[in-house]
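Below is a structure I'd like to ask you about.
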Amino acid sequence: MAELRRYGAAVDTVFDLLGDNENDLTAALAFTLSKSSVLTDLLLQLVKLETGRDVALRLETADESGRTDLEIDLGKRLVIVEAKRGAGLPTTRQLNKYVKRVLEIGSGALVTLSAAPSIYAELAVPSELSGVPVSHIPWADVLEAISTAYPSESRDARRWLAELGRYLRKVIYLSDPASSWAYCVSVSREKPGGGGSRTYKDFVVNENIYFHPYGVGSNWPLDPPTFMAFRWNGSVHQIRRVMSSEVIPTLQARWPDIPLTEETDLPHAVYKLGPPLPMQGPLPSGANYRAVRLRVLIDQLLTQPTLKDAYMQSKVLTGQQR
């Protein structure tokens with residue numbers, strides 16, 4: 001069997017011919033829904049709707065209010081799906097534009113589709129807008145629905161379900177340039193919320209855990225980094241791989257001894273850290289970064305004489321500075 005490549009990338013599924021942006025993902029999903037009534041039923045069940053007899057799928061339908069990603073027309077009910085490739089979510093303002101379209105049909109739902117976990121979406125997006133329910137489906141749930149639908153479908157539908165599953169796993173969890181970067185943060189001897197038994201540094205060094213606010217303030221990442229670098233006392237002391245991540249509603253949900261404050265009573269991303277990578281020794285900062293968070297290429301962290309040099313050279317190598 002011959003290998004097919006496009007723009008240098010392997011074409012493993014027919015959907016790879018579309019590309020990998022949000023419109024491509026939505027188009028691949030819509031096509032497969034048109035071939036698999038079981039998958040359609042399962043996804044609608046996730047938003048507490050039943051299919052009914054007549055189902056029409058429409059991609060990128062535009063009117064004066066804007067252009068939707070995907071519409072699932074169930075006759076007197078309309079489901080509008082707004083999709084994101086990463087962990088982002090549509091804004092409430094964007095979703096509000098489509099409320100009128102749903103109400104004109106009769107009823108229905110607005111659905112956000114992204115890599116964001118449900119617990120974050122529930123906190124970040126209202127549950128209804130002007131009486132129209134708003135629900136969230138993580139891409140991981142779509143993959144699970146594909147696996148559930150597969151045994152019950154026809155041979156033809158199974159082929160498309162398998163293609164979509166392979167495509168989504170490749171695109172949604174695609175290794176990108178971020179896999180070469182470390183997210184460098186400062187960890188202090190202060191305690192979260194000003195109390196409890198552990199400092200921020202204790203969590204990293206002794207418990208192999210790091211956490212930060214999720215979806216609120218200061219541009220914290222929505223997608224977990226591949227690596228993290230931790231600095232204290234003016235130097236980078238550890239570089240760790242992020243082994244797994246989850247989002248919790250508050251720090252108290254995991255650590256009840258942490259005092260309840262405005263800073264701790266928020267959704268947090270929690271990272272399980274792998275063992276420290278070998279370093280020649282602590283890497284001096286070379287500048288007063290204080291609590292500044294930096295993105296630095298791993299190879300530069302391991303070869304440059306200071307964090308400042310590693311940071312500046314990372315920008316040069318990636319075209320951010322000439």
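The values are calculated or read from the model by the stated rules, or taken from the named source; none is laboratory data. Nothing here was measured: the structure is a model prediction, and the numbers come from that model. Ideal geometry is used to build each Cβ from the backbone, glycine not excepted, and the neighbour counts take in all protein chains shown.
Could you check the range 68-118 and list, in sequence order, the residues that are assigned to a strand (DSSP E or B) and among the β-branched types (Val, Ile, Thr)? Before the answer, list the steps.
Taking the range 68-118 as the starting set, the residues that turn out to be assigned to a strand (DSSP E or B) are 70-73, 77-83, 107-114.
The answer is Ile72, Val79, Ile80, Val81, Val111, Thr112.
May I pose another question? Being modelled with pLDDT under 90, aliphatic (A, V, I, L, M), closer than 22 Å to Arg241 by Cα and in the same structural domain as Asn219 (by TED's automatic domain parsing) narrows it down to one of Leu273, Leu307, Leu297, Leu283, so name that one.
Working: Leu273 fails: modelled with pLDDT under 90; Leu307 fails: modelled with pLDDT under 90; Leu283 fails: modelled with pLDDT under 90.
Result of the check over Leu273, Leu307, Leu297, Leu283: Leu297.
Still on this structure: For the range 156-203, which residues satisfy the criterion of being under 19 Å from Asp223 (Cα atoms), β-branched (Val, Ile, Thr) and modelled with pLDDT of 95 or more?
Val185
Could you go through the range 73-91 and let me know if any residue there is more than 23 Å from the chain's Cα centre (by Cα), touching a residue at least 12 places away in the same chain (Cβ under 8 Å) and under 30 Å from Val247 (Cα atoms).
Residues of the range 73-91 more than 23 Å from the chain's Cα centre (by Cα): 73-78.
Applying the additional criterion that residues be touching a residue at least 12 places away in the same chain (Cβ under 8 Å) yields 73-78.
Checking the rest, the ones that are also under 30 Å from Val247 (Cα atoms) come to none.
There is no residue in the range 73-91 that is more than 23 Å from the chain's Cα centre (by Cα), touching a residue at least 12 places away in the same chain (Cβ under 8 Å) and under 30 Å from Val247 (Cα atoms).
Hey, any hits in the range 138-156 for a residue that's in a strand (DSSP E or B), surrounded by 19 or more Cβ atoms within 10 Å (Cβ to Cβ) and assigned by TED's automatic domain parsing to the domain that holds Leu39? Give the derivation first.
Here is the first cut: in the range 138-156, the ones in a strand (DSSP E or B) are 138.
Going one step further and asking which of them are surrounded by 19 or more Cβ atoms within 10 Å (Cβ to Cβ), we end up with 138.
If we keep only those that are assigned by TED's automatic domain parsing to the domain that holds Leu39 too, we end up with 138.
The answer is yes, given that some residue of the range 138-156 is in a strand (DSSP E or B), surrounded by 19 or more Cβ atoms within 10 Å (Cβ to Cβ) and assigned by TED's automatic domain parsing to the domain that holds Leu39.
So in the range 113-137, with the set limited to residues that are among the polar types (S, T, N, Q) and within 14 Å of Lys48 (Cα to Cα), which one is surrounded by the most Cβ atoms within 10 Å (Cβ to Cβ)?
Filtering the range 113-137 for residues among the polar types (S, T, N, Q) gives 114, 118, 127, 130, 135.
After this cut, where a residue has to be within 14 Å of Lys48 (Cα to Cα) as well, the list is 127, 135.
Numbers: Ser127: 10, Ser135: 21.
Ranking the qualifying residues of the range 113-137, first place goes to Ser135.
Do you know which residues across the range 1-19 are in contact with a helix residue (DSSP H, G or I) (Cβ under 8 Å, 6 or more places away or on another chain), surrounded by fewer than 17 Cβ atoms within 10 Å (Cβ to Cβ) and either part of a helix (DSSP H, G or I) or touching a residue at least 24 places away in the same chain (Cβ under 8 Å) (or both)?
Of everything in the range 1-19, those that are in contact with a helix residue (DSSP H, G or I) (Cβ under 8 Å, 6 or more places away or on another chain), surrounded by fewer than 17 Cβ atoms within 10 Å (Cβ to Cβ) and either part of a helix (DSSP H, G or I) or touching a residue at least 24 places away in the same chain (Cβ under 8 Å) (or both) turn out to be Asp12, Val14.
So the check is Cβ under 6 Å with 6+ separation or different chains; which pairs have a first residue in the range 238-256 that's outside the structural domain of Ser285 (by TED's automatic domain parsing) and touching a residue at least 40 places away in the same chain (Cβ under 8 Å) and a second one that's among the aliphatic types (A, V, I, L, M) and surrounded by fewer than 18 Cβ atoms within 10 Å (Cβ to Cβ)?
Listed by first residue and then by second, the contacts come to nothing, as the list is empty.
Give me the pairs, please: first residue somewhere in the range 136-154 and under 17 Å from Ser34 (Cα atoms), second residue anywhere and outside any helix (DSSP H, G or I), beta-carbon distance under 8 Å, and either six or more positions apart or on two chains.
That search, which allows pairs on different chains as well, returns Val142/Leu113; Ala149/Ser36; Glu153/Ser36.
Also, I was wondering about something else. Just give me the residues in the range 37-60 being closer than 20 Å to Arg155 by Cα and either of a type in the set (Val, Ile, Thr) or not in a helix (DSSP H, G or I) (or both), in sequence order.
Hits for the range 37-60 are Val38, Thr40.
Can you name the residue in the range 56-76 that is modelled with pLDDT of 90 or more and among the charged types (D, E, K, R) and, of all such residues, is farthest from Thr32 (Cα to Cα)?
Checking each candidate, the answer is Arg67.
Can I ask one more? When you look at Leu89, is it surrounded by 21 or more Cβ atoms within 10 Å (Cβ to Cβ), closer than 17 Å to Leu143 by Cβ and not β-branched (Val, Ile, Thr), yes or no? Spell out the reasoning first.
On the way: surrounded by 21 or more Cβ atoms within 10 Å (Cβ to Cβ): yes; closer than 17 Å to Leu143 by Cβ: no; not β-branched (Val, Ile, Thr): yes.
Spelling it out, it is not the case that Leu89 is surrounded by 21 or more Cβ atoms within 10 Å (Cβ to Cβ), closer than 17 Å to Leu143 by Cβ and not β-branched (Val, Ile, Thr).
Is there any pair linking a residue in the range 180-205 that is in contact (Cβ under 8 Å) with a residue 40 or more places away in the chain and on the phi < 0 side of the Ramachandran plot to one that is surrounded by 18 or more Cβ atoms within 10 Å (Cβ to Cβ) and of a type in the set (Ser, Thr, Tyr), with Cβ under 6 Å and at least six apart or on different chains, and which?
Here the result reads Val187/Tyr200; Ser188/Tyr200; Pro192/Thr264; Val204/Tyr210, each pair linking the range 180-205 to a residue that is surrounded by 18 or more Cβ atoms within 10 Å (Cβ to Cβ) and of a type in the set (Ser, Thr, Tyr).
Further question on the same structure: Does the range 231-253 hold any residues that are closer than 30 Å to Pro284 by Cβ and within 23 Å of the chain's Cα centre (by Cα), and which are they? Spell out how you get there, then give the answer.
We begin by selecting, within the range 231-253, every residue closer than 30 Å to Pro284 by Cβ; these are 231-243, 245.
Across the range 231-253, the qualifying residues are Ile239, Arg240, Arg241, Val242, Met243, Ser245.
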